[in-house]
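First the structure, in the form of structure tokens, and then the observations on it.
The values are calculated or read from the model by the stated rules, or taken from the named source; none is laboratory data. This one's a predicted model, so the numbers in the text were calculated from it and none came from an experiment. Neighbour counts are summed over all protein chains in view; Cβ atoms, including those assigned to glycine, are modelled from backbone coordinates with ideal geometry.
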Amino acid sequence: MLLLNTLCRQALVRTLVAVCLFSAGSSVWADGREQAVRDTILSQIEAFAIDDAEAAWSYASDAIQAQFGSPDVFISMVRQRYPAIYRATEIEFRELVPHDGFVVQTVRFKGPQGGLWDSVYTLTEQEDGWHIGGVALKQANLGI
């Protein structure tokens, strides 16, 4: 049963990556930084999909790591507070807004129960690449 769940999660991750590649949209930066930001978010989501706390932790900023102290505490928090991200079934990258010292990337998720959720990621560039410094998540407003 565990092997089947792992295989299903791996298939889901491959599907999510394919969907994200096709919905990437126009580029804000011509030098590849936009894709690097999205790759960071996707890599962390892939780690969540296979319950790899160490890998998910590696994409968190130094400030997030200091706040939560360990990969196990971090992934437990994400599992409890952000189930739509932890077990996303669809991902759509939306607007990316660069700022001095950080970027904001909006992402829409379809959660495990089928609901749509909008998130705002803040990422900072550290010596070894982009790291996630925070995520705000709210149920998507779909209008009337």
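The one condition from (1) on the phi > 0 side of the Ramachandran plot; (2) not in a loop (DSSP other than H, G, I, E, B) that Ala56 does not meet is (1). Taking every residue in the range 28-45 that is closer than 13 Å to Val103 by Cβ and of a type in the set (Ser, Thr, Tyr) and pairing it with any residue that is part of a loop (DSSP other than H, G, I, E, B) and at pLDDT 95 or above, at least 6 positions away or on another chain, the pairs with Cβ-Cβ distances below 8 Å are Thr40/Tyr59. Scan the range 58-79 and give yes if some residue there is among the β-branched types (Val, Ile, Thr), at pLDDT 95 or above, under 15 Å from Gly134 (Cβ atoms) and under 14 Å from the mean Cα position of the chain (by Cα), otherwise no. Yes - at least one qualifying residue is present in the range 58-79.
Sort through Phe74, Phe93, Phe48 and tell me the only one that's aromatic (Phe, Trp, Tyr) and assigned to a strand (DSSP E or B).
Among Phe74, Phe93, Phe48, only Phe93 is aromatic (Phe, Trp, Tyr) and assigned to a strand (DSSP E or B).
The residues listed here are Ala88, Ala63, Ala56; of these, the one that is over 19 Å from Ala140 (Cβ atoms), aliphatic (A, V, I, L, M) and touching a residue at least 40 places away in the same chain (Cβ under 8 Å) is Ala63. Counting only residues that are touching a helix residue (DSSP H, G or I) at 6+ places or on another chain (Cβ under 9 Å) and of a type in the set (S, T, N, Q), which one in the range 85-113 is modelled with the lowest pLDDT? Result: Gln113. Residues that are surrounded by 21 or more Cβ atoms within 10 Å (Cβ to Cβ) and within 15 Å of Val37 (Cα to Cα) within the range 84-102 comprise Ile91, Phe93, Leu96, listed in sequence order.
Name the residues in the range 103-114 that are part of a loop (DSSP other than H, G, I, E, B) and buried (at least 17 other Cβ atoms within 10 Å of the Cβ), would you?
Kept after step one, since they are part of a loop (DSSP other than H, G, I, E, B), are these residues of the range 103-114: 111-114.
Gly111 - this is the single residue of the range 103-114 that is part of a loop (DSSP other than H, G, I, E, B) and buried (at least 17 other Cβ atoms within 10 Å of the Cβ).
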